[in-house]
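Readers should treat all values here as calculations from the given coordinates under stated rules, not as data from a laboratory. Just so we're clear, the structure is a prediction, and the values are computed from it rather than from any experiment.
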Amino acid sequence: MELSPRRLLSIVLSACLLAPATAVESFRKPTVDFTAGNGSFLLAGSSPASIHVDAADWPGVLRAAHDLAIDFGRVTKANGTLTATGTATANASMIFNVTGISSDWSAGTQGNSTSGTPIIVGTIGNSSLIDGLVASGKLDVSAIEGQWEAYVSALVQNPMNGTEQALVIAGSDRRGAIYGIYDVSEQIGVSPWYFFADVPAKSHAEIFALDTIKVAKTPTVKYRGFFINDEAPALTGWANVNYPRYGNNSPFGADFYAHVFELLLRSKANYLWPAMWNGMFNVDDPRNQPLADEYAIVMGTSHTEPMVRATAEWSKVAKGAESGWSWATNNATLYDYFYECSTRGALRERCHCWNERLPRHSHVF
């Protein structure tokens, strides 16, 4: 069977991607089912799933919640509804401009009533919905509060006015909330590889929430991800067909990386070394780094790319390149070259991932 470049990419990336390090018994504990049973409550069926977020939550959490609404549609043929509460709105302009979202937060289900058990998702300290449930004693987050990338999922009684129960997913931090959201997606049958490997979702008429508590604790491996290494010719050829050349140089811009970032998060990963043969992650498309930040992906660089500068940048960006890397003959260029990367895009001020950067030789892939 002949493999398409995108399917070949899925094989290469799946071989590189580390499995999540959370204990299997907690990570795989089911919280949803496709048949009614004792103590289960309908999430989606004759009416679409109903998902609730705080509009002030992290951009990546809002994006994942919207993805979950679409994922329900992949399984039940009816997208879930997404309701964003609160007057404050997170600065999610980049992630929504790149991936698309309606101004009313809808996922294509306007006018459809919802009658099942709603889903409430959010981050402790960033979601008024989650914080209110914690303050009222209805949700216990003591097992994850203050932890790295942990989440708790529980069926909560009387979470909102007029609501008997809700499936609540609370993250200790933004990636914890995102992992908890995508855990539901995977349980209902949407593979992290639905895009890159064209994995279809199996249809189900109904989806139920189980009356159980799931605690996913901090992964034992802190940074987990992969390196898009030797991306030519297969991946580059496919990307050139499907995406424009950003900066008249490379097809690896924000529209491409949005799919990669989503794949990472759906796979419970958090770290990426980008394509580097000819691509310049921070130069070709200025949306790349802000998008990584809003997705909560930590960016690193490979063995030949010091201080987050792509290999190709020296000959294409640096002045005096003919003088090489000699400090004795080209120190002004070298100084400016590395000074720029340390202040590029005012990342120290705006990038939440900055303090998570790893040393260049931390080979975590």
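Could you give the alpha-carbon Rg of the stretch 239-316 over 2.2 N^0.38 Å, rounded to two decimals?
Ratio of Cα Rg to 2.2 N^0.38 Å: 1.04.
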Percent of Cα-Cα pairs per 10 Å bin, from 0 to the last occupied bin, for the stretch 225-356, please list those.
12, 42, 34, 11, 1
Which entries in Lys202/Lys268; Lys222/Lys268; Lys217/Lys268; Lys138/Lys214; Lys214/Lys268; Lys29/Lys138 show an alpha-carbon gap greater than 20 Å?
Lys202/Lys268; Lys29/Lys138
Determine the equivalent ellipsoid of the stretch 128-220 by diagonalising the alpha-carbon gyration tensor, then write out the semi-axes as square roots of 5 times the eigenvalues, largest first, rounded to whole Å.
25, 19, 10
Distant-in-sequence amide H partners of Gln165 (H built 1.01 Å from N, under 5 Å)
Asn158
HN-Hα couplings for the stretch 158-175 via Karplus (6.51, -1.76, 1.60; θ = phi - 60°), in whole Hz with x for Gly/Pro, come out as 6, x, 9, 4, x, 10, 6, 7, 8, 7, 10, 10, 10, x, 5, 8, 5, 5
Computed over the stretch 247-287, Kirkwood Rh from alpha-carbon pairs, angstrom:
10.8 Å
For the stretch 174-262, take the alpha-carbon Rg, divide it by the Kirkwood Rh, and send me Rg/Rh.
1.06
Over the residues of the stretch 22-216, compute the C-alpha Rg and express it relative to 2.2 N^0.38 Å.
0.94
Geometric extent, Cα atoms of the stretch 31-101 - Rg, Dmax (angstrom):
14.0, 44
